[in-house]
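J.: Here it is, the structure in full.
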Amino acid sequence: MTDRESGLVEPVDVDALVQRLEQARAELEERLEGAGDPAQLEELRVRYLGRRSLVAQALSALGRVPAADRPRLGRTANEVRQAMADALEAHRQRLLAAEKERRLAAEALDLTLPGRPPLLGRRHPLRIVLEEIEDIFLSMGFTIAGGPEVEYSSLNFDLLNIPPDHPARDMQDSFYIDASRLLRTHTSPVQIRYMQAHAPRLPVRIIAPGRVFRRDDDPTHSPVFHQVEGLLVDRGVSMAHLKGTLLAFARRLFGPETRIRLRPSYFPFTEPSAEVDVSCTSCGGAGCRVCGGSGWLEILGCGMVHPQVLRNGGYDPEEVSGFAFGMGVERIAMLRYGIDDLRRFFQNDLRFLEQFE
Ligand code: PHE
């Protein structure tokens with residue numbers, strides 16, 4: 001019913017008005033059943049209780065009805081207004097409750113759902129190989145030593161007998177911090193650090209694993225990679241000890257059939273120096289694609305500690321001798337697992353990393 005249809009004109013027919021007020025109240029209650037959201041509710045409130053509603057008109061007509069009819073109309077109009085307000089409020093509460101119910105249902109805790117297993121981390125393949133290497137040398141009586149990644153160039157080069165014109169010193173090959181410091185290019189400065197801290201005690205028997213840095217970046221070279229240094233100094237240490245130690249190491253790491261060979265080489269801090277090859281981990285030495293048909297794979301550099309390096313460490317080369325070696329962890333891990341691209345170690349691709357251990 002619209003306001004216009006209410007037809008409030010003088011004189012006021014009080015009986016008819018009272019009847020229509022009661023009708024409007026019943027009508028609202030009926031319409032509320034179909035009001036499903038707050039907007040519809042507001043629409044009904046304006047229509048039935050607003051300024052131009054029948055209730056408002058009835059109240060404003062009070063002054064114009066005979067005094068005898070006034071209480072009856074006033075009471076009815078007020079009762080109807082109150083009842084309508086109550087009905088609107090009650091429905092509003094019902095809508096709120098229903099909404100809350102819906103939301104709770106959406107968030108309901110389903111105890112029968114399978115749990116989400118926590119994502120377990122695992123060791124990086126380089127870490128696995130490094131720990132294997134460490135275990136092998138620890139079992140042979142070596143201990144683990146370390147040094148800083150930002151190193152003095154004197155320790156990285158000079159005290160290792162590396163001459164001033166050596167190409168490794170070039171800015172193109174190393175990351176310099178300032179005139180006297182750089183990111184170490186190998187773990188060999190730990191030889192000097194350890195000897196200086198321990199001289200004249202014997203034996204010196206350490207490995208020094210760690211991160212090293214060079215200006216290299218291609219499928220087989222990364223600017224950051226890992227080495228394990230080895231150093232043994234004692235009375236009467238010979239090249240035979242070096243070879244025996246490395247053979248034992250290679251057999252533990254690559255299998256009991258593994259053979260090694262030493263090829264003459266050059267490092268400023270060892271004399272004589274050698275490159276060590278292991279029999280190919282893929283073909284056993286017959287020759288295949290992995291070893292380029294030669295049957296051998298290069299795994300490390302080594303040699304007898306140069307007398308000047310022993311002196312720089314605080315030892316007398318007339319009394320003691322020693323051997324040292326240095327291996328690249330990435331290279332060994334690649335051979336160990338048949339990985340073809342060194343960069344895979346640093347790309348953090350889970351499909352790769354999940355295959356180890
Ligand atoms: N420091 C050498 C390199 O980085 C490896 C090495 C270590 C060689 C110890 C001999 C003795 O290539």
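The values are calculated or read from the model by the stated rules, or taken from the named source; none is laboratory data. Remember, it's a predicted structure, so these values are computed and weren't measured experimentally. Neighbour counts are summed over all protein chains in view; Cβ atoms, including those assigned to glycine, are modelled from backbone coordinates with ideal geometry. All accessible areas refer to the heavy atoms of the entire protein, side chains included, with ligands and DNA or RNA removed. Shrake-Rupley method; radii C 1.70, N 1.55, O 1.52, S 1.80 Å.
J.: Restricting everything to alpha-carbon atoms, can you work out Rg to Rh for the chain with a Kirkwood hydrodynamic radius?
T.: That ratio is 1.63, to two decimals.
J.: Full-extension gain between Gln196 and Gln308, please, as 0.36 nm times their residue separation minus the C-alpha to C-alpha distance.
T.: Separation in residues times 0.36 nm, less the Cα-Cα distance, equals 39.0 nm.
J.: In addition: Please list His186, His198, His221 from largest to smallest accessible area, probe radius 1.4 Å, with all protein chains kept in place.
T.: Accessible-area ranking of His186, His198, His221, largest first: His221, His198, His186.
J.: Name the GluC sites (Glu not before Pro) in segment 44-147 that are in a loop by DSSP and that have at most 12 other C-beta atoms within 10 Å, would you?
T.: The qualifying sites are Glu107.
J.: Here is a follow-up. Hey, got a sec? Which trypsin sites (Lys or Arg not before Pro) in segment 168-272 land in a DSSP loop and have at most 14 other Cβ atoms within 10 Å?
T.: The qualifying sites are Arg201, Arg215, Arg235.
J.: For the chain, with only Lys/Arg (+1) and Asp/Glu (-1) charged at the beta-carbon, what is the dipole magnitude about the Cα centre, in debye rounded to 20?
T.: 320
J.: In segment 89-168, which trypsin sites (Lys or Arg not before Pro) are in a loop and have at most 15 other Cβ atoms within 10 Å, using DSSP for the loop call?
T.: Hits after loop and neighbour filter: Arg122, Arg123.
J.: With point charges of +1 on the Cβ of Lys and Arg and -1 on the Cβ of Asp and Glu, referenced to the Cα centre of the chain, which listed residue (Leu44, Gly303, Ile339) lies farthest in the positive direction of the dipole?
T.: So the residue we want is Gly303.
J.: Could you check the simple spin-label distance between Glu107 and His221, using points 7 Å along Cα→Cβ, in nm with one decimal?
T.: Taking the two extended label points, one gets 5.9 nm.
J.: In square angstrom, rounded to the nearest 10, how much accessible surface does Cys288 have for a 1.4 Å probe?
T.: Probe radius 1.4 Å; accessible area of Cys288 about 40 Å².
J.: Something else now. Could you compute how much accessible surface Thr258 exposes when probed at 1.4 Å, giving the result in Å² to the nearest 10?
T.: Per-residue accessible area (Thr258): approximately 10 Å².
J.: How much of the DSSP bridge set in segment 125-353 is antiparallel, in percent, rounded to the nearest 5?
T.: Around 95 percent of the beta bridges assigned by DSSP in segment 125-353 are antiparallel ones.
J.: Looking at segment 215-292, I'd like the Rg to Rh ratio, where Rg is from alpha-carbon atoms and Rh is Kirkwood's inverse mean 1/r.
T.: 1.01
J.: Summarise the accessible area of segment 14-106 (1.4 Å probe, protein heavy atoms) by the percent that is carbon and sulfur.
T.: Result for segment 14-106: 52 percent of the exposed heavy-atom area is carbon or sulfur.
J.: For His241 paired with Ile128, estimate the spin-label separation in nm (one decimal), with each label point 7 Å from Cα along the Cα-to-Cβ line.
T.: Result: 3.5 nm between the two label points.
J.: Would you mind computing, in nm to one decimal, how far apart the modelled labels at Gln40 and Asp340 are, each placed 7 Å from Cα along Cα→Cβ?
T.: 6.7
J.: For segment 125-353, with every protein chain kept in place, what is the accessible area per residue (1.4 Å probe, Å²)?
T.: Dividing the accessible area of segment 125-353 by its residue count gives 47 Å².
J.: Can I ask one more? Using only the Cα atoms, what convex hull volume per residue in Å³ does segment 14-106 have?
T.: In segment 14-106, the Cα hull volume divided by residue count equals 72 Å³.
J.: If r is the Cβ-Cβ distance from Phe352 to Ile177 and R0 is 35 Å, what FRET efficiency results, to the nearest 0.05?
T.: 0.60
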